[in-house]
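Working notes, structure below.
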Amino acid sequence: MKFLVNHCYEIIPNKVLDSPDGSLTILEALKEISFNIKRVYYINNLIQANSIRGKHAHKELEQALFCISGHFTMKLDDGENSQIIKVSNNSRGLFIGPLLWHEMTDFSSNCVILVLASDYYNESDYLRSYDKFLNYIKDQRAE
Ligand code: TYD
């Protein structure tokens, strides 16, 4: 996959064991997941067709996101370039680095998203308005 935005890349698991009994996918910290995993969360029960999730960027948090069932649309924006990606259950993940505005929509009802995060939940790491996100990037560049 070609990325037009910074702070994002595709994560390819080193080991996917496919068999008629199902697929087993393995991910390890400091290997294909580039950081030490401090938190795991998942999103499911996406029963409303028009759900929107994300709509924020992080100052420092690194995340690895895997759509382990179904599909959804990810909109990414690094403040200069934006990109829309269809994410589906294909065993590949997305690295979502800091300073990357992301919005998730168009979830299939069977969609399950697993996220591995580099740090504990900390609301002060969030940039929850797009204007704040752009201003934060501008201030960082000026430093
Ligand atoms: P948020 O990160 O905005 O979710 P999403 O990007 O999936 O839309 O978090 C939604 C709410 O859940 C918000 O009030 C913060 C809370 N939350 C925690 O308390 N701990 C966590 O680890 C996460 C991810 C969210």
| said: Show me the GluC sites (Glu not before Pro) within segment 9-78 that DSSP assigns to loop and that have at most 13 other Cβ atoms within 10 Å of their Cβ. | reply: E28, E60
| message | Strictly over 27 Å apart at the Cα level, which of K15/K38; K75/K132; K2/K55; K31/K138; K31/K86 would you flag in this model? | response | K31/K138
| Longest site-free stretch - the chain; sites: trypsin sites (Lys or Arg not before Pro), DSSP loop, at most 15 other Cβ within 10 Å | 60-127
| said: Can you return the aspartates and glutamates within cross-link range of K59? Criterion is Cα-Cα under 13 Å, with same-chain partners fewer than 8 residues away left out. | reply: D78, D119, E123, D125, D139
| note | Kirkwood Rh for the chain from C-alpha pairs, in Å, is 15.9
| Formal net charge of residues neighbouring N6 (Cβ-Cβ distance under 9 Å; K, R +1; D, E -1) | -2
| remark: Heavy-atom accessible area of the chain with neighbours in place, 1.4 angstrom probe: carbon+sulfur share in percent works out to 48
| field | Qualifying GluC sites (Glu not before Pro) in segment 70-138, DSSP loop, other Cβ atoms within 10 Å at most 14 | value | E80
| query | Can you tell me the accessible area per residue over the chain, all protein chains present, probe 1.4 angstrom, in square angstrom? | reply | 60
| message | At 1.002 mPa s and 20 °C, plugging the Kirkwood radius over alpha-carbon pairs of segment 57-138 into Stokes-Einstein gives what diffusion coefficient in µm²/s? | response | 161
| Per-selection Rg to Rh, segment 1-79 - Cα, Kirkwood hydrodynamic radius | 0.96
| query | How big is the antiparallel share of DSSP beta bridges in segment 16-137, given as a percent to the nearest 5? | reply | 95
| task | Express in Å², to the nearest 10, the accessible area of H56 obtained by rolling a 1.4 Å probe over the protein heavy atoms while all chains stay in place. | result | 20
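The values are calculated or read from the model by the stated rules, or taken from the named source; none is laboratory data. Everything numeric in this text was worked out from a predicted model, so none of it was measured. Backbone-built Cβ (ideal geometry, glycine too); neighbour counts: all protein chains shown. Areas reflect the complete protein model, heavy atoms only, side chains present, ligands, DNA and RNA absent. Shrake-Rupley method; radii C 1.70, N 1.55, O 1.52, S 1.80 Å.
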